[in-house]
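Input: a single structure, listed below in structure tokens.
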Amino acid sequence: MRARYVVDTNVLIAASAADPIHPKDIDATPADPTLRRAVWAWLNQFQQSESRLVLDEAGKIYDEYNNKLGFNDFGIQVVLHKWSTVAVDDVPVDYDEQGDGVLPVALNPIIHDAADKKMVAAALASHILHGEGCVAFAGDTDWHDWEAALTKHQILLEPIIEAWSRHKHAEKQAR
């Protein structure tokens, strides 16, 4: 595992759906229970590791997590565990008038998903402050669309179920 991660919300959702103790009956991507368990295993390993969670100081990433999950869901419990073990880096993220994370001019037209702009902005801030900015994701293949541009800005990506996400991305590109 890397030293720190911005964790995309889809990771928390898929892991919560696959939680072996208290599974959440929610719509999660991927639908395959084996792939969801792989996401759960990654998040469980992350929880137990010394890796740090990167969140924005304004709390908008955490707000998004809470809009999708409840207090007792595994994904939220991982976030709370990281806080309770002082393993969260709160980084400064500027927001525009629509509430979207402000990105460098070169990235703004590329990152078309407004909800992901705050994740990218947090990864950029993490890179500046800590020398590493990595986004972990699972069910959202848009990250593959943006990979080259993000790499140019020193943002690393960790596709947790990479074979699946690259296959789904290729299918999307073929349409």
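The values are calculated or read from the model by the stated rules, or taken from the named source; none is laboratory data. The shown structure was predicted, so the numbers you read here are calculated from the model rather than taken from an experiment. Note that we place each Cβ from the backbone using ideal geometry, even for glycine, and neighbour counts take in every protein chain shown.
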Give region 14-39 a look and list any residue that's surrounded by 24 or more Cβ atoms within 10 Å (Cβ to Cβ), in contact (Cβ under 8 Å) with a residue 24 or more places away in the chain and in contact with an Asp or Glu (Cβ under 8 Å, 6 or more places away or on another chain), or say none. Ser16
In region 16-64, the residues that are in a loop (DSSP other than H, G, I, E, B), at pLDDT 95 or above and among the polar types (S, T, N, Q): Ser49, Ser51
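Could you grab me the full set of residues in region 1-13 that are over 11 Å from Asp140 (Cα atoms) and crowded, with 21+ Cβ neighbours inside 10 Å? Quick ask: steps written out before the conclusion?
To start, the set of residues in region 1-13 that are over 11 Å from Asp140 (Cα atoms) comprises 1-7, 12-13.
Scanning region 1-13 gives Arg4, Tyr5, Val6, Val7, Leu12, Ile13.
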Counting only residues that are surrounded by 13 or more Cβ atoms within 10 Å (Cβ to Cβ) and either under 17 Å from the mean Cα position of the chain (by Cα) or assigned to a helix (DSSP H, G or I) (or both), how many does region 104-119 have? 7
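To keep it simple, each residue is scored yes or no on (1) modelled with pLDDT of 95 or more; (2) under 22 Å from Pro33 (Cα atoms); (3) hydrophobic (A, V, I, L, M, F, W, C).
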site	(1), (2), (3)
Asn66	yes, no, no
Ile76	yes, yes, yes
Lys82	yes, no, no
Tyr95	yes, no, no
Leu107	yes, no, yes
Ala123	yes, no, yes
Thr141	no, yes, no
Trp146	yes, no, yes
Gln173	no, no, no
